[in-house]
Protein chains: 4
Amino acid sequence: MTELAAVKSALKTQAVETPSWAYGNSGTRFKVFAQQGVPRTPQEKLEDAAKVHEFTGVAPTVALHIPWDKVDDYAALGRFAEEHGVRLGAINSNTFQDDDYKLGSVCHPDAAVRRKAVGHLLECVDIMDATGSTDLKLWFADGTNYPGQDDVRDRQDRLAEALAEVYERLGENQRMLLEYKFFEPAFYTTDVPDWGTAYAHCLKLGPKAQVVVDTGHHAPGTNIEFIVATLLREGKLGGFDFNSRFYADDDLMVGAADPFQLFRIMYEVVRGGGFTPDVAFMLDQCHNLEAKIPAIIRSVMNVQEATAKALLVDQEALAAAQRGGDVLGANAVLMDAFNTDVRPLLREVREEMGLDPDPLGAYSRSGWGEKIVAERIGGQQAGWGA
Amino acid sequence: MTELAAVKSALKTQAVETPSWAYGNSGTRFKVFAQQGVPRTPQEKLEDAAKVHEFTGVAPTVALHIPWDKVDDYAALGRFAEEHGVRLGAINSNTFQDDDYKLGSVCHPDAAVRRKAVGHLLECVDIMDATGSTDLKLWFADGTNYPGQDDVRDRQDRLAEALAEVYERLGENQRMLLEYKFFEPAFYTTDVPDWGTAYAHCLKLGPKAQVVVDTGHHAPGTNIEFIVATLLREGKLGGFDFNSRFYADDDLMVGAADPFQLFRIMYEVVRGGGFTPDVAFMLDQCHNLEAKIPAIIRSVMNVQEATAKALLVDQEALAAAQRGGDVLGANAVLMDAFNTDVRPLLREVREEMGLDPDPLGAYSRSGWGEKIVAERIGGQQAGWGA
Amino acid sequence: MTELAAVKSALKTQAVETPSWAYGNSGTRFKVFAQQGVPRTPQEKLEDAAKVHEFTGVAPTVALHIPWDKVDDYAALGRFAEEHGVRLGAINSNTFQDDDYKLGSVCHPDAAVRRKAVGHLLECVDIMDATGSTDLKLWFADGTNYPGQDDVRDRQDRLAEALAEVYERLGENQRMLLEYKFFEPAFYTTDVPDWGTAYAHCLKLGPKAQVVVDTGHHAPGTNIEFIVATLLREGKLGGFDFNSRFYADDDLMVGAADPFQLFRIMYEVVRGGGFTPDVAFMLDQCHNLEAKIPAIIRSVMNVQEATAKALLVDQEALAAAQRGGDVLGANAVLMDAFNTDVRPLLREVREEMGLDPDPLGAYSRSGWGEKIVAERIGGQQAGWGA
Amino acid sequence: MTELAAVKSALKTQAVETPSWAYGNSGTRFKVFAQQGVPRTPQEKLEDAAKVHEFTGVAPTVALHIPWDKVDDYAALGRFAEEHGVRLGAINSNTFQDDDYKLGSVCHPDAAVRRKAVGHLLECVDIMDATGSTDLKLWFADGTNYPGQDDVRDRQDRLAEALAEVYERLGENQRMLLEYKFFEPAFYTTDVPDWGTAYAHCLKLGPKAQVVVDTGHHAPGTNIEFIVATLLREGKLGGFDFNSRFYADDDLMVGAADPFQLFRIMYEVVRGGGFTPDVAFMLDQCHNLEAKIPAIIRSVMNVQEATAKALLVDQEALAAAQRGGDVLGANAVLMDAFNTDVRPLLREVREEMGLDPDPLGAYSRSGWGEKIVAERIGGQQAGWGA
C-alpha cells in the first residue's frame, strides 16, 4: 500500500462521536437564543446526528447525556439509533443541575448529597449496561467560589471515595473517562482542575479509569499537545472532548479558533499511537449562533482535515531533522504538512466511501434543515436543562 | 483637622451604588440556583437595597436595569425608594436579551435591529428624565464568535453612529458611561473590548461620554490601576463596576479575589483626584451561591476597607521615596497602609455615623433575611431575564 | 487584470523590513547561545540582510538600532547598503541599556536622566536626517517592578513631555512610531502597556505620531486583529513589529506559533486599506536557537503566505454572507482562503520576479552560510549589547 | 499553652532558606544592572546570607548553585558558613548555561550531551555528600521553541532515564526535588511544564523524589494553593521556591504581588500538615532594581507574616462553617485572619527570640550595606554566569 493509500485508509476508519446536546439549544448566562427546528426528544437528536454521519461517514456514534436524554427503554433507543444508521456512544453524567448540587455533588460537604450524586453515577452505569455503551464520561462542576468556602483537601477525599465506588461498579468492558476543567462554573477552586489531578485519581483507580482532554479546559497558554503526548506515554489518554476557544471554555467549533493547534494535537495522537478505538474522539460544543447540524458537520470535517495533515507528516524526515538538531528543518517538515491543502484528498476519500465529496453542500441540498424547521413545531425544545 | 479625622470624614462621604439585579437570582450557563426570599419586583429589590444602606450608611443609591426594572411610573418608584431611604441611580440598558440581538444590537448588520437597539437606549434616557438619574450605563454584548462572521470595522462605524445619536439626546446633567469588556458573551471579537476602544469613542462623542471600568472585564494580568490612573489623567473616568475574579468575568464579591489589587485601584483613585461624585462607584456582581444581601453588605465593606487603606497611605513619605529612587522604601510606604487593619477605624466611623459598628451582625440580628424568606412566597423571582 | 494577477501584483510590491539586530546573537536572561558567523559590524549585518532580500525579493530595507549600529558616517553606511541592494530603514532608539536607566528613561523620576534619554532620541532624529530614514521607532522599557515604586501618573506626564519635545524635532517627512508592550522588562507597571495608551499619546502629538503593533506585546487572549482594524479606522496604525509567541514576548519567527492569527491580522490590514507604504511591516525577532538568516527568510515567507491568503479572501462573498447574518457561510469564506495552499502561487510570483522559487533552498545553495562561518573569525560578535 | 503561644512557638521554628544567587546581580534579557557591594565569591554570598539570618532569625540555611558556587573545599565552605551562623542548604544544579545545552540537557537528542548533563547532576550529589546537604534541587531549562523541533515523547523518555540514574545515586538521607515551570527559557514546549509532569516522574522514581512548587512557574490564573493541597495529600510536596509575579516568572519579592495568594498557600501548608522540616521553604528571587539584602529580609518577613496569618485562622470555626455550607461565614473566618495586622505579633516573636523587632531597621543601622559597598571593590561580581 502506498503511503497516500495508507493515509486514506486511516481517514476512512476515523470515528468522531457527536454529542446529543449539541443538537439542542445552548447559550451563555446572558441569553440562550433558541433556533428553529431544534430537536425536542432524544430520538430527534439521534435523527440529526444520523444526518451528520450520513454526510460525513465518520460520525457513527452519538453521546448521550443523562438526564437530558433519559428514556424509559434504552434498548429501544439503541434500536432507533441503529435504524437511523448510528449507534449510542458514551454516557455523560450530570451532577450539576439539581438544586441539591449548589455546593457540589460528589465533593459536597453533606454526605446525603454525595450519596445522591453517586447514585446518579451508578444509574448511568446501569444505562450503559442497557445501551451497550463502554464509556462513562464524568465531568464534575464541583468546586468553590470563595477562599475558605470548603476544605480543598476534604473535597479530594470525597471525590476519591465516590470515584472508587463507581469504578467498582464498572463492568468488564466498561471504563470511566474523567474530565478535568480549569474553571467554570466554579470560580475559585475546581475539584478536578487539571490533567494532573485527573491522572492522579485515575492512576489509583486502575486501568479502567482514563483521562479525557477537553480542548477548551485549560489555562491560557497551556500546551495541550504536550498533555496528549504525556497521557499517551502513561497509557492514560481515554479520549477527547473537542471544541475550540479564544478565551475561556468558549465551546466553539473545533478547529475554528486555532487550526494549527488542532493539527499539533492530532500529530501527537498519531505519533503516540493514539489513533485507535481506545482513544475516543468526541465533540463537545455549543452552537449558540450558528445552525447546529452544519456546524457539527463542519467540526467533523475540521477534525478530518487536521488528522489528514497529521498523517501526512513525513515522520522519517522529521525524526532525521530532530536527531540532527536541525531546528528549522524539523519545524519545516511539520509545517509542510500543515500548509498542505488536504481538502482535495478528503474529497477523494469521501468519494471512495460512496459519499458526496462536499458534506455541507450535500446536507444543504438534502432539505433536512428546512424539513425540521417545518415539522418540529410545538413541544419543548431540547437544551441544557432538558 | 487631624489626618485621621480627614480620613474618617472622607469615609463618611463615600457612596457605593448597589445594582438592583444583584438582589435577584443569577448563575452560570450551567445552572441558576434560585434562593429563597429573592425579590419579585423592582420595589422589593429597592427594599433589599435599602437594608444594605441602612446597615452600611454608604450605599445610598440603586442602579436600575431596563427592562428588568421596568415600571409604569418611575416617579412613583423614585418616591418608593426615597421612602425607604435610598435613591434611584444609574440606568443600565439591556440590548442582549431580545431574540433580535443574536448577532448584535447597535453593531448588528441589519439596520432595523440597530434602530430597535437605539430606540431602547433613547427610552432609557426618557427613563432617566423620569427618575432624575444622571448616568446612562452602556454595556454592549455585541461581538462575534467566529472569524469572518462580521466585518470588524463596519461594526465600529455602526457603534459610533448609535452612540452619537444617543449622546445627542442626553440632557444637560446627564452623561453616558461606556463600559468595555474583554470577552463574553462574544467569543471571538467584542465590539468594545478594552479601555482604548471605549476611550476613543468617548473622546469623539464629547465631555458627557465617560469610560466605566468593570474590574472583571480585562485580559489576564492587566494592570487595572494603570488604566484607572490613565483615565483620570485624561479626564475620562466615569466610574466603576466593582466585582472580583480569579479567571474570567467571575463577578464575585469585590475584594474577595485580590484585596491588594482593590487597594491599589483605590489608591490611584485617591491619588488621581477621583474620590469625588464625578466618579461613580458601583457594584456589579453575581451572588450565585451566597446569600445576596449579606454578600452585598460585605462587598460594600470591602470597598470601604480598601478606601480606608488608600486614604491612609502616607503620600508625603511615598513621594519622597519615589523621588529618591528608593524602590524598597516606596513600596514599604504603600504596604504599610495595606497591612494596616482598618476594621477598628471603620467601626469608629460607623459609630460616629450612628450605625452599628458591625453591619453584617446588625443585618443578621434584624431578621430581614428570615422575613423575606417567609413573606416572598409565590410570584416570579427576579433574575437576569426579568 | 484578473483577480489572481492583482494578487500577484500586490505580492510583488510587498516590503518587509528586517531588523539589523536579528542577525546578531540573542537569548534569554538564562543564556545567550552564540552562533558562528554572526556579524560583528553594522556592515556585516547589512550584508546578511542583503542576502535575505536577494532571495526573497521583498525585504528591501533594514532597520537600525542605535547605539548598536552606531557608525561615524551614516551616509557611507547608506551607500554600503545600496551597494548591497538594500536601503536603511527605521531608526530604533535604545534607552534601556545604560546604567542610568535602571528606574526608567523618559519617565525616570530624575530630570537629568530624562534629559539624557531625550538627548538620545533627538540624536536618533539626527541620524534619520543622515540616513534618510523616515521612521523613528520608539520602544520604552520604562516601568516599575513594585507597587508604589513610582507615581504612575507623574510618569505619564514625563512621557508626554519627552514625546512632545522629540515630536517637535521631526522633519517634514519624518514620523514617530510609538510601540506599546504588555510587560517586560518591567514587571508591575509598564509606561506604555497597551495600544490605548500609545494611541492617546499619539493623538495629542499629532499626525506624525503613529502606533506600532508588535504582535508579541499583548495580554494573553488579546484579539490583535481587532486592534489593527481599530487603529486603521482611526488613521493611527504606523506599522508592525512582527514575531510570534506562545506565552509572553517570545519573539519567535512570525507565523510560527499561530499562522491563522497572522492571516487574520493581514486580512484586517488588507480590508482596512493598510497594505500601503504608510504602514511599515517590520520583523522584530530573536533567533536564539535556529540559524539566523534562514530563520529570517522563513519569517519573510510566512508573512508573504499570510498576505497571499488575505488577498485571496473573496471579499464580495464574505460581505454578502456577513450582511445576511450567515455565520457559518461568512466564516467559511475566510477559512477557504486560509486553507488554500499558496506556496505554488508564491513560487510563481518569485519566478516572475526573476527569483528562485525556493528562497531557502537558494540561500542554502549559495554557500553564504558557510562563507560567513569561515570568514567571520575574531572580533566581537554583535548582540543586544553591541 | 494558649493558642497565641502556640502560634508564636511555631513562628520561632520557621526556617526560610535563602539562595546564594539572589545576593548576586541579576536582570532581564535586556540588561543586568549591576549593584555596588555585590558578593564576588561564595563566601561573600554566605556573609550576606548570614546577615539576613542575623536580623530575621529564621533564615538559617543557604542554597548553593553549582557551578556558580563551586569551590575546591566544600567542607571548608560549610565551616565558613557555620562560623557566620548559617548552614549550607540545598544544592541546585545548572544544566542550562553550557554551550552544549542549546537544545537541552538531560532531554537533548544527542546522548553525549545527556551524558554530560547527568554527569553534572551526579557531581552535585557528590557535593551534597561533602556539604551534608539533603536536597538536590533540579530545574531543567529543557524544552523546544518550535513545533516539530524535537519529539515531545522521546524527550520524556530521556528525562525519565536521567532522573532514574541520579535517583539511584542518592544517599540514605538525600532526596531529589523536581521543579516544574510553565515556560522560559523554552517558548514552545517545556519538558517539565506543570506539577502533573513532575508528579508523574517522582511517583515512578520513589519516595526520595518530591515536587518543588515555584510560585512563579504557573499559567495565568492557576490556583497554586490547590496544587499545594493536592501534593501534600499525595505526600509529594518537597518544598517551595518562593517569589511573586504579576505576569510571567517575574521573580519579584514573595508576597509583593499578591499577599493574599501567599496567605492562601501558607494556609494550605498549615492545614495539610506541611509546616514541617520535610517541606523546604526556599526563596528564588531576582532583585534587579532593589537593594538585595534588604529585599531578602523583606521577603523573609513577608513569608513570616503570611505564615502568622495562616496559623491564626480559626480552624474550628472554619470547619463548622464549611460543614454547614455557610459560604459567607466560611470565607469570613479566613478573611478575618488575613485582615489581621500580624506585625505587632511578629515584633513580639522577634523580641522573645532576642532579636531587634525591626529587622530592616536593624540591618540598616548595622552599616553592613555601606561596608560592603566600600570594601568589595574590584574582582568579578557574582551573577547568573559566575
Notebook entry, point to check: How much of the DSSP beta bridge set in chain A is antiparallel, as a percent to the nearest 5?
Noted result: 10 percent
Note to self: Which of rounded, prolate or oblate describes region A:328-386 when judged by the alpha-carbon gyration tensor and an a/c cut-off of 1.5?
What the structure shows: oblate
Next item on the list: Take every Cα-Cα distance within region D:76-227, group them into 10 Å bins from 0 onward, and report for each bin the whole-number percent of pairs it holds.
Entry: 11, 39, 34, 14, 2, 0
Note to self: For a quick check: with amide H placed at 1.01 Å from N, whose amide H comes under 5 Å from C:M176's, ignoring anything fewer than 5 positions away on the same chain?
What the structure shows: C:L136, C:A209, C:Q210
Item checked: In order through region A:328-333: 3J(HN,Hα) via Karplus (6.51 cos²θ - 1.76 cosθ + 1.60), integer Hz, x for Gly, Pro -> 5, x, 5, 4, 5, 4
Notebook entry, point to check: Working out 0.36 nm times the residue gap between B:Q43 and B:E83, then minus their Cα-Cα distance, what length gain in nm do you get to one decimal?
Noted result: 13.3 nm
Check: Rounded, prolate or oblate: which one fits region B:14-375, using the alpha carbon gyration tensor with axes a ≥ b ≥ c (rounded when a/c is under 1.5, else prolate when a/b beats b/c, else oblate)?
Finding: oblate
Next item on the list: Just add up the charged neighbours of B:E348: K/R +1, D/E -1, any other residue whose Cβ is under 11 Å from the Cβ of B:E348.
Entry: +3
Checklist line | Prolate/oblate/rounded label for the protein assembly as shown (Cα gyration tensor, a/c 1.5) | finding: rounded
Note to self: With Kirkwood's inverse mean 1/r over C-alpha pairs for Rh, give me the Rg to Rh ratio of region A:227-340, two decimals please.
What the structure shows: 1.01
Check: Accessible area, 1.4 Å probe, largest first: how do B:L136, A:L355, C:L4 sort?
Finding: C:L4, A:L355, B:L136
Check: Using the Karplus equation 6.51 cos²θ - 1.76 cosθ + 1.60 (θ = phi - 60°), what ³J(HN,Hα) coupling, rounded to whole Hz, does each residue of region B:230-240 give in order, writing x for Gly and Pro?
Finding: 5, 5, 5, 4, 8, x, 10, 8, x, x, 10
Notebook entry, point to check: How much FRET efficiency would the formula 1/(1 + (r/R0)^6) give for B:D157 and C:D358, where r is the Cβ-Cβ distance and R0 is 35 Å, rounded to 0.05?
Noted result: 0.20
Checklist line | Long-range HN-HN contacts of D:A280 with modeled amide H, under 5 Å | finding: D:G239, D:F240
Note to self: In whole Hz and in residue order, list the ³J(HN,Hα) couplings for region A:213-221 that follow from phi through the Karplus curve 6.51 cos²θ - 1.76 cosθ + 1.60, θ = phi - 60°; x for Gly and Pro.
What the structure shows: 9, 8, 5, x, 10, 10, 5, x, x
Note to self: 5 Å is the cut-off here: which amide hydrogens, built 1.01 Å from N in the peptide plane, fall below it relative to C:R87, excluding neighbours closer than 5 in sequence?
What the structure shows: C:T61, C:V62
Checklist line | FRET efficiency estimate (nearest 0.05) - Cβ-Cβ, B:D110 to B:N173, R0 51 angstrom | finding: 0.90
Notebook entry, point to check: When you look at the Cβ of every residue in C:101-109, what mean number of other chain Cβ atoms sits within 10 Å?
Noted result: 3
Margin query: Give me the summed buried accessible area for the D-A pair, 1.4 Å probe, to the nearest 100 Å².
Written below: 4400 Å²
Item checked: Electrostatic dipole magnitude of region C:14-375 [Cβ: Lys, Arg +1; Asp, Glu -1; Cα centre; debye, to 20] -> 280 debye
Note to self: My understanding is that a pair violates if its Cα-Cα distance is over 19 Å; which of C:K45/C:K70; A:K70/A:K137; A:K45/A:K181; D:K70/D:K371; B:K45/B:K102; B:K12/D:K309 do that in this structure?
What the structure shows: A:K45/A:K181; D:K70/D:K371; B:K45/B:K102; B:K12/D:K309
Checklist line | Relative contact order computed over region C:101-241 (Cα-Cα under 8 Å; 6+ residues apart), in percent | finding: 22 percent
Next item on the list: Take the alpha carbon atoms of region B:125-173, find their center, do the same for region D:223-283, and report the distance between the two centers in whole angstrom.
Entry: 45 Å
Item checked: Stretchable slack from B:T2 to B:A374, in nm (0.36 nm times residue separation minus alpha-carbon distance) -> 129.1 nm
Notebook entry, point to check: Picking from A:E83, A:E184, A:E54, which is most flexible by a Gaussian network model of chain A using Cα springs under 10 Å?
Noted result: A:E83
Note to self: If I build a Gaussian network model for chain D, linking alpha-carbon pairs within less than 10 angstrom, which residue out of D:V279, D:V125, D:V152 has the largest mean-square fluctuation?
What the structure shows: D:V152
Notebook entry, point to check: Of D:L360, D:L138, D:L318, which has the largest mean-square fluctuation in a 10 Å C-alpha GNM of chain D?
Noted result: D:L318
Next item on the list: Could you work out the relative contact order of region C:235-279, using alpha carbon pairs under 8 angstrom and six or more residues apart, expressed as a whole percent?
Entry: 34 percent
Next item on the list: Provide the per residue accessible area, probe 1.4 Å, for chain C, rounded to a whole number of square angstrom.
Entry: 31 Å²
Notebook entry, point to check: Can you pull the percent of chain B's accessible area that's carbon plus sulfur, 1.4 Å probe, other chains left in place?
Noted result: 50 percent
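The values are calculated or read from the model by the stated rules, or taken from the named source; none is laboratory data. What you are looking at is a predicted structure, and each value in this text was computed from that prediction instead of being measured. Here the Cβ is made from the backbone with ideal geometry for all residues, glycine too, and neighbour counts use every protein chain on show. Protein only, heavy atoms only, side chains kept; ligands, DNA and RNA dropped before computing areas. Shrake-Rupley method; radii C 1.70, N 1.55, O 1.52, S 1.80 Å.
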